[in-house]
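Here the structure is laid out as structure tokens; the discussion comes afterwards.
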């Protein structure tokens, strides 16, 4: 029994010590709270704002550039803006020459038979020659290049050919009763005839005159008329009789 009493006494003493320790911590915590609530902090010196920069008094001359550049008042700008001169309208090129045929043979410079207009005189031209306002630059079997006013124009030859139909020439009626004597191969030109060799086109040949209605094979002044059909129309020229 004495041991149990001693144990009970020890537990009682321990409980008392714990209670005392708890109260002590509570008192210290309460004292810190009171000191925090009723305590005062030392005043801190705070510097005031920096003084503003000195503002110069308003002057109308300061805003002169703004007035000069006012987009809604162009009369305030003393510099008069002059509109640039309008470019002159581009001059249209003159009409292209009319093509009548092309001759591309070995040993002979490329030649194209041209006339300034549909019914004009035909003549052979080589690269570098000039017809009217045009200068012939290059030539092949499909295209021809001209130069005018420093610009080069490339055209298809079939676009330059005159497509105006040639009126048919009526042939005299031939009587079947009597044989017709063969016409002489050589004929002389009358003063009003439009048949005969034209201008020299090079290579010992001459071009046909506009409106030449003589049949192919006609011989005039030692020159025979040759008419050759081509994809671009009939090619007409006169060559020396051999």
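Could you sort 153-160, 204-211 so that the peptide with the highest average Cβ count within 10 Å comes first and the rest follow in order? Kindly include the intermediate steps, with their values, before the conclusion.
Details: 153-160: 13.9, 204-211: 18.8.
In decreasing order of mean packing, 153-160, 204-211 become 204-211, 153-160.
Once you order the gyration tensor axes a ≥ b ≥ c over the Cα atoms, which shape class does the stretch 1-114 get: rounded for a/c under 1.5, otherwise prolate or oblate by comparing a/b with b/c? Cα axes put the stretch 1-114 in the oblate bin. Sorting the segments 116-124, 11-19 by their residues' average number of neighbouring beta-carbon atoms within 10 angstrom, most packed first, yields 116-124, 11-19. Counting neighbouring beta carbons within 10 Å and listing from fewest to most, the residues 58, 9 come out as 58, 9.
Only the coordinates and a few stated rules stand behind these numbers; no lab work does. Every value quoted in this text rests on a predicted model; they were computed, and no experiment measured them. Ideal geometry is used to build each Cβ from the backbone, glycine not excepted, and the neighbour counts take in all protein chains shown.
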